[in-house]
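I have placed the structure first, in the form of structure tokens, so that the comments after it can refer back to it.
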Amino acid sequence: MSKIDELLAAMTVEEKTGQLNMVAAGGAVTGPVQATGIEKELLAGRIGSLLNIWGASGVHALQKIAMEQTRLGIPLLIANDVLHGHKTIFPIPLAEAAVFDPGLWQLSASEAAAEAAADGVAMTFAPMLDIARDPRWGRIAESPGEDPWVGARFAEAKVRGFQGADRCSGLSQMSAIAAAAKHFCAYGAPMAGIDYDSADISERLLHEVYLPPFAAAVATGCAAIMPAFNDLAGIPMTVHVSLLRGWLRRERGFEGVIVSDYNAIAELLQHGVAGDLAGAAAAALNAGVDIDMMSGAYVQGLPEALARGLVSIDMIDAAVRRVLTLKERLGLFKNPFGRGRETSTDLALPDARRALARDLARRAIVLLKNDEILPLPANVREIALVGPLADARTEMLGPWAMAGSVESAVTIREGLAAALPDARIAYAPGVAITGADVSGIAAGLECCRNAELVILCLGEAANMSGEAASRANPGLPGAQTALADAIFDLGKPVVLLLSSGRPLMIAEAAERATAVAATWFLGVEAGRAIADVLTGKFNPTGRLPVTWPRDIGQVPIYFARRPSGRPAAAHNPYTSKYLDTPVEPLFYFGHGLSYSRFALSNLRAANPEFYPGGRLMIAVDVANLSPAAGEATVFLFVRDMVASVARPLLELKGVRKIALDPGEEGIVRFDLGASDFSYPGTNWNPVLEPGEFMIFAGMSADPQQMLSITARASPG
Ligand code: BGC
């Protein structure tokens, strides 16, 4: 008999439901806690896992109780939201997506895992894989952006990073943690961008856009999945039998743990799909949810559900088995105190992690506009630094920086002062991030008096993005537009830096500014990374992982639109466009400037005809036409010209970066397989229809700036 079989045979129903119960140890945002309040429950075997606790001593104290004082001595599973770093906070996921480098995505996850594991954590509620095409939704900040192909690559990299690259032994390494991919699914498509609200999308969109990142996570061996809070066409994801039991478990073969979102099982009552806690618990368990996070519905409701015949003991056992199996895979039975042990190598790491945080942060910055003002001239002496985000330590880390400390963050002001010791930097916040008070604008203008140029730092507070942070009007909050207008009126060159977790509606400010950069929430090294880019110490290479609208009325806006029968045409009113706003975004997906100037040429296919099962080798030449060494980013898109179902105008199939010295030329290659040309057909299985495909290469999704060739898929 295996250890798990023995335990299952010995467990009471109460101990079984206890294993399915995850509770907060308290102090989510305040750090390590003395979790005395939960000891009684723990002793009674009514808790199987904890969240919101980290720190070796606190974790080990509770683990000791679980191991030594509970009847069966089953170790606790300790989970936390390690979204973009644990203590060393890296850029928010949307910013990290802008790096477009799976190797770095993986590295930041493995460093975060090592740091979290050293703090006693064994599972993270990450990666967050919600495709988001609506910047009103605050959780776009936590997402990899608008595109399913990027989302899938992000999923693979993050799962490997958190869990260890070796699928077999990875999780048992004491520096690895289990990944719980979330929020399954379509949570990024809530009605009107309101968090937690219904998603009501077509099955095609579900299969083409929202499921692929989860498919990639599962294929990479992701240990857990978290269903989303929302309902999908009336069925809350927590009880979505056809997606959880059907698609995830049966079709994708997912054998890991499904952990509910926070209190989501009890919220089934609010959703109106369960009449009481026992009914809610039964519906969630029967749909395949193993762990109940925070609602108490399983411990309170499952025994009654069992008595009423709403669930079977076999279903409960199967869920318990999956939880115990995860604990076993994590090495918790053999080595319950293995995570949370400081070792000498751990002590040496923070500097290296800071260096990684700085590198990621500067790679995440997207230079949106630059009328020849950046990099700052080496002889600049008088700079005005204005705006409420210029010296805002509390805002640098962004959402989900639970174990991170605000004190560890470097502000923009500090970063610039250190990078430009010979310049005088006059600083004034001008206005607060929110609020109508304009009394500080005069001081803001005053500090521009002798300045050669102004660095204007505007945007959101960290808590204006992330969960429960939807904004109907995601522009510059408070009186920031008034400040910006007053500064622009001075007629001096203005570098506008935007701190935010989403694209902001800043069309007018972008027009008036001399340069604009998206600086997101970049983490502990924000200020230094921004200084690296502004001074030219680092040549920007970040690219937008989302289309940046010019007007909120354009959302949802994304590059993979389907063709209209009446594509927008300038002089024909009866075409797909607005009367009052251009249809084009302010900045395309993939946009991002560099201090180098690159040109693409000679897009070619080695074999313009390919067969199912074959490959299509694409190459394009890239030249650096400038005196600055830099890194070019090339995006490869395809379009299926004629298919049984209208295919998007552009589908992303590859992204490559290439570093080029001044005047250097290089070749970027893409190796495409049949799956890159297929789409979900009957029963949503991939189908490749023979015929013509267009292949596009560009430095963004701007259709005016792309090279294209055609290729043919031949019948098999
Ligand atoms: C969020 C999840 C998170 C969980 C635990 C919920 O409110 O939706 O993303 O993992 O809380 O903190």
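The values are calculated or read from the model by the stated rules, or taken from the named source; none is laboratory data. This one's a predicted model, so the numbers in the text were calculated from it and none came from an experiment. All Cβ positions, even for glycine, are placed from backbone atoms using ideal geometry, and neighbour counts span all protein chains on display.
Listed here are the residues, each with its yes/no results for (1) at pLDDT 95 or above; (2) under 20 Å from the mean Cα position of the chain (by Cα); (3) away from the ligand (no atom under 15 Å from the Cβ).
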| position | (1), (2), (3) |
| --- | --- |
| Y187 | yes, yes, no |
| L205 | yes, yes, yes |
| E208 | yes, yes, yes |
| A233 | yes, no, yes |
| G246 | yes, no, yes |
| R252 | yes, no, yes |
| Q270 | yes, no, no |
| V273 | yes, no, yes |
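Select, from R329, R358, the only residue that is under 30 Å from R597 (Cβ atoms) and more than 16 Å from the ligand (Cβ to nearest atom).
R358
Specify which of the listed residues (A529, A484, A513, A517) is free of Cβ contacts under 8 Å to residues at least 40 places away in the same chain, crowded, with 24+ Cβ neighbours inside 10 Å, within 24 Å of L453 (Cβ to Cβ) and over 19 Å from the mean Cα position of the chain (by Cα).
When all the criteria are applied, what remains is A484.
Do we have any residue at all in the stretch 281-289 that's surrounded by 19 or more Cβ atoms within 10 Å (Cβ to Cβ), of a type outside the set (K, R) and within 16 Å of the ligand (Cβ to nearest atom)?
yes
Within the stretch 308-321, does at least one residue satisfy the condition of being farther than 17 Å from G45 by Cβ and of a type in the set (S, T, N, Q)?
yes
Show the residue pairs that are 6+ apart or on different chains and have beta-carbon atoms under 6 Å apart, the first residue being within the stretch 460-471 and closer than 14 Å to L498 by Cβ and modelled with pLDDT of 95 or more, the second being among the hydroxyl-bearing types (S, T, Y) and more than 14 Å from the ligand (Cβ to nearest atom).
Here the result reads E460/S500, each pair linking the stretch 460-471 to a residue that is among the hydroxyl-bearing types (S, T, Y) and more than 14 Å from the ligand (Cβ to nearest atom).
Which pairs do you get when a residue that is in contact (Cβ under 8 Å) with a residue 24 or more places away in the chain and closer than 23 Å to A97 by Cβ, found in the stretch 120-133, comes within reach of a residue that is more than 13 Å from the ligand (Cβ to nearest atom) and assigned to a loop (DSSP other than H, G, I, E, B), reach meaning Cβ atoms under 6 angstrom, with the pair 6+ apart or on two chains?
As it stands, the answer is M123/I177; T124/I177; R133/E146; R133/P556; R133/Y558, since those pairs meet every condition given.
Can you work out which of the residues in the stretch 216-231 that are out of contact with any Ser or Thr (no Cβ under 9 Å at 6 or more places or on another chain) and of a type outside the set (A, V, I, L, M) is nearest to the ligand (Cβ to nearest atom)?
C222
Residue-by-condition table, conditions (1) modelled with pLDDT under 95; (2) within 16 Å of the ligand (Cβ to nearest atom); (3) surrounded by fewer than 23 Cβ atoms within 10 Å (Cβ to Cβ); (4) of a type in the set (S, T, N, Q):
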{"position": "A10", "(1), (2), (3), (4)": "no, no, yes, no"}
{"position": "E14", "(1), (2), (3), (4)": "no, no, yes, no"}
{"position": "K40", "(1), (2), (3), (4)": "yes, no, yes, no"}
{"position": "R46", "(1), (2), (3), (4)": "no, no, yes, no"}
{"position": "G55", "(1), (2), (3), (4)": "yes, no, yes, no"}
{"position": "P75", "(1), (2), (3), (4)": "no, no, no, no"}
{"position": "I78", "(1), (2), (3), (4)": "no, yes, no, no"}
{"position": "G85", "(1), (2), (3), (4)": "no, yes, no, no"}
{"position": "P93", "(1), (2), (3), (4)": "no, yes, no, no"}
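Please specify each residue of the stretch 581-594 satisfying the condition of being over 12 Å from Y558 (Cβ atoms) and in contact with a Pro (Cβ under 6 Å, 6 or more places away or on another chain).
S594 - this is the single residue of the stretch 581-594 that is over 12 Å from Y558 (Cβ atoms) and in contact with a Pro (Cβ under 6 Å, 6 or more places away or on another chain).
Does T325 satisfy the criteria of being at pLDDT below 95, farther than 10 Å from S172 by Cα and assigned to a helix (DSSP H, G or I)?
So T325 fails the test.
Taking I4 and the conditions (1) β-branched (V, I, T); (2) within 16 Å of the ligand (Cβ to nearest atom); (3) at pLDDT 95 or above, which numbered condition does it fall short on, given that it satisfies the others?
Status for I4: all satisfied but (2).
What pairs come up if the first residue lies in the stretch 259-272 and is free of Cβ contacts under 8 Å to residues at least 12 places away in the same chain and over 9 Å from P227 (Cα atoms), the second is in a loop (DSSP other than H, G, I, E, B) and more than 11 Å from the ligand (Cβ to nearest atom), and their beta carbons are under 6 Å apart, counting only those six or more places apart or on different chains?
Every condition considered, no pair remains.
When you look at S108, is it among the polar types (S, T, N, Q) and either in a loop (DSSP other than H, G, I, E, B) or closer than 15 Å to R358 by Cα (or both), yes or no?
Answer is yes for this residue.
Looking only at the stretch 300-310, which residues are of a type in the set (A, V, I, L, M, F, W, C) and either crowded, with 24+ Cβ neighbours inside 10 Å or within 16 Å of the ligand (Cβ to nearest atom) (or both)?
Answer for the stretch 300-310, where residues must be of a type in the set (A, V, I, L, M, F, W, C) and either crowded, with 24+ Cβ neighbours inside 10 Å or within 16 Å of the ligand (Cβ to nearest atom) (or both): L302, A305.
Based on what the data block shows, is S143 farther than 18 Å from W247 by Cα, among the polar types (S, T, N, Q) and under 19 Å from the mean Cα position of the chain (by Cα)?
yes
Would you tally the residues in the stretch 124-154 being of a type in the set (K, R), away from the ligand (no atom under 11 Å from the Cβ) and not in a loop (DSSP other than H, G, I, E, B)?
The qualifying residues number 1.
Hey, among the residues in the stretch 400-416 that are among the small types (G, A, S) and buried (at least 18 other Cβ atoms within 10 Å of the Cβ), which one's nearest to A518 (Cα to Cα)?
Taking the candidates together, the pick is G415.
Does A113 qualify as being modelled with pLDDT of 95 or more, among the hydrophobic types (A, V, I, L, M, F, W, C) and either in a helix (DSSP H, G or I) or on the phi > 0 side of the Ramachandran plot (or both)?
So A113 fits the description; yes.
Give the stretch 532-568 a look and list any residue that's in a helix (DSSP H, G or I) and more than 21 Å from P93 (Cα to Cα), or say none.
L534, T535, I552, G553, Q554
Which ones in the stretch 225-257 are in contact with a strand residue (DSSP E or B) (Cβ under 9 Å, 6 or more places away or on another chain), free of Cβ contacts under 8 Å to residues at least 40 places away in the same chain and not in a loop (DSSP other than H, G, I, E, B)?
Residues satisfying the conditions are P236, S242, R249.
Are there any pairs, at least 6 apart or on different chains, whose C-beta atoms fall under 6 Å, with the first in the stretch 540-552 and at pLDDT 95 or above and buried (at least 24 other Cβ atoms within 10 Å of the Cβ) and the second outside any loop (DSSP other than H, G, I, E, B) and among the polar types (S, T, N, Q), and if so, which?
Here the result reads R543/T633, each pair linking the stretch 540-552 to a residue that is outside any loop (DSSP other than H, G, I, E, B) and among the polar types (S, T, N, Q).
Let me confirm something: among A66, A98, A165, which residue is surrounded by fewer than 22 Cβ atoms within 10 Å (Cβ to Cβ) and away from the ligand (no atom under 16 Å from the Cβ)?
The unique qualifying residue is A165.
Going by what's in this entry, would D317 be described as buried (at least 22 other Cβ atoms within 10 Å of the Cβ) and either closer than 30 Å to H60 by Cα or away from the ligand (no atom under 16 Å from the Cβ) (or both)?
The answer is no for D317.
In the stretch 581-612, which residues are surrounded by fewer than 17 Cβ atoms within 10 Å (Cβ to Cβ) and modelled with pLDDT of 95 or more?
Passing the criteria: T581, P582, V583, R597, A599, S601, N602, R604.
For the stretch 16-37, name all the residues that are within 16 Å of the ligand (Cβ to nearest atom) and at pLDDT 55 or above.
N21, M22, V23, A24, A25, G26
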